[in-house]
Each structure stands twice: as structure tokens, then as C-alpha cells.
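The values are calculated or read from the model by the stated rules, or taken from the named source; none is laboratory data. Not measured: the values here are computed from a predicted model. Virtual Cβ from ideal backbone geometry, glycine too; neighbours counted across all protein chains shown.
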Amino acid sequence: MTDLVQLWVYLSGEPLLWLTLTLVAYLVADAISIACQRHPLANPVPISIFIISGLLLISGTQFSAYFAGAQFVHFLLGPATVALAVPLYRHLPQVRRALIPMSIALLAGCVAAIVSAVLLAKWLGLSEATTLALAPKSASAAIAMGIAEKIRAEPALTAVLVISTGITGAIIVTPLMNLLGLKNYAARGFAAGLAAHGLGTARAFQVNPLAGTFAGIALGLNGLLTAILVPFLLQFLIK
């Protein structure tokens, strides 16, 4: 037993351990999702979070020690986002035909996401710090945290809210679209990427390649528009 404890102490200080466990946790979560026939509630991302969180709690590992290894996966978020250009190129004709509807939907969706979050937070009596952190919740984490710094919100809280938004969106997007009878995969994907950023985009790719393409477009454009509109709209909404 002493040898096992010493081995764990040694391994827990190595970045490779937490990188490996992160990848294994996702593979296990993805296997569970496949076994559940990709049911929306069996999304691999929240399952992975529960697995890793449990391991950190049981082992008493600090987040800084965990992130020393997991940062290599975090680094790949940038290249993965850039790689969304590949399906965009493959479906370029459909994208060109939908430029005007996409522009209108982008503006309406971005404004609705910001305004609804802020007004709901004020109605519920949340603190100003929480309200500010909620404003950019539908943008990707990197962009939202940058916006949070500019508007003097807490970037860490914003990151949690962004992830929560993405998980919720990825879970409910397919049942909601089916309930609404929306069969256009371009529209379904654009809505998922607009409201639930990267996690919604990942879910859209699981459903249909065209949906994933339009979700990726919405992900990128909504991040840009959110960065522009949040500081402007908050001047009127916070008063």
C-alpha cells in the first residue's frame, strides 16, 4: 500500500498523468454517449466533467496541478476552431445562398442573448458582478473571458457561465428543434452555434455535417458581434 501511495504521489505531479486521464475520461464519456445512441442527455462533455471532477476531489488534486497537463488539450482549441474552415469550404454554395438570412438571424440572436440574460438577471435580483458576467455567455469561452475583462466582470465566473450555457444548449437543441418541427439542418446548426457556441457546434456535427458547418459560422460571427455589442448594450441595460 505504501508503494502505491508513493507511486500516486509521483505520478500526480507529472503533467502526462492528467493529460492522459482527460483523454481517457472523454473516451469513456463518448462510449457512454454512443451506447445511449447519442441521446442529448448523454452528452460526452458533461459526463467527462463529472468524471474528472470526481477524480480531482477523490485525489485532493489542485486545479493548477491538473491544468499543468490538461493545458495541452486547451491549446488545441485554437487549431480546432480554425479547422472549422474545412467544412465551411465544402458547403460554400449553401453558405453563399444563405448570407442575408444568416446576417439577420445573427444580429437578432446576438442581441436577444445579451438582452435576455441581463434583464433576467436584474429581474431575479442578481448582483451587478453576476449580471455583467452573464452578458457574453453565448460567445466562446476565450472571447467571453476577454469581454469580461473589458467590462470589469469576473472572467472565471464568465467561463463557468459560458460552459453551463454550452452544455445546456447542446442537451436541449435537438429535442427543441424536433419539437418546433424545424427540419432545415442549416437553420438548426446556425441556431445551435449562435446560442451554445463550441459545445452546440460539436453537437451539430454529431447530427449532420451541414448543421455543423453553419454552427461553426455562427460560433465565429457571434463571438465577434458579441464583443462589439456587449459594451454598447450594457450602457442602457445596467442603468
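Values as computed for the structure displayed
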quantity: Which numbered condition Ile51 misses (of (1) under 24 Å from Gly216 (Cβ atoms); (2) at pLDDT 85 or above; (3) buried (at least 16 other Cβ atoms within 10 Å of the Cβ)); calculated: (1)
quantity: Qualifying residue in the range 136-147 (condition: over 21 Å from Phe75 (Cα atoms), touching a residue at least 12 places away in the same chain (Cβ under 8 Å) and of a type in the set (A, V, I, L, M, F, W, C)); calculated: no
quantity: Residue ID - farthest from the chain's Cα centre (by Cα), chosen from residues in the range 196-208 that are crowded, with 24+ Cβ neighbours inside 10 Å and among the aliphatic types (A, V, I, L, M); calculated: Ala204
quantity: Restricting the range 60-70 to residues that are surrounded by fewer than 13 Cβ atoms within 10 Å (Cβ to Cβ) and not aromatic (Phe, Trp, Tyr), the residue that is modelled with the lowest pLDDT; calculated: Ser64
quantity: Within the range 19-77, considering residues that are in contact (Cβ under 8 Å) with a residue 60 or more places away in the chain and in a loop (DSSP other than H, G, I, E, B), the one farthest from the chain's Cα centre (by Cα); calculated: Arg38
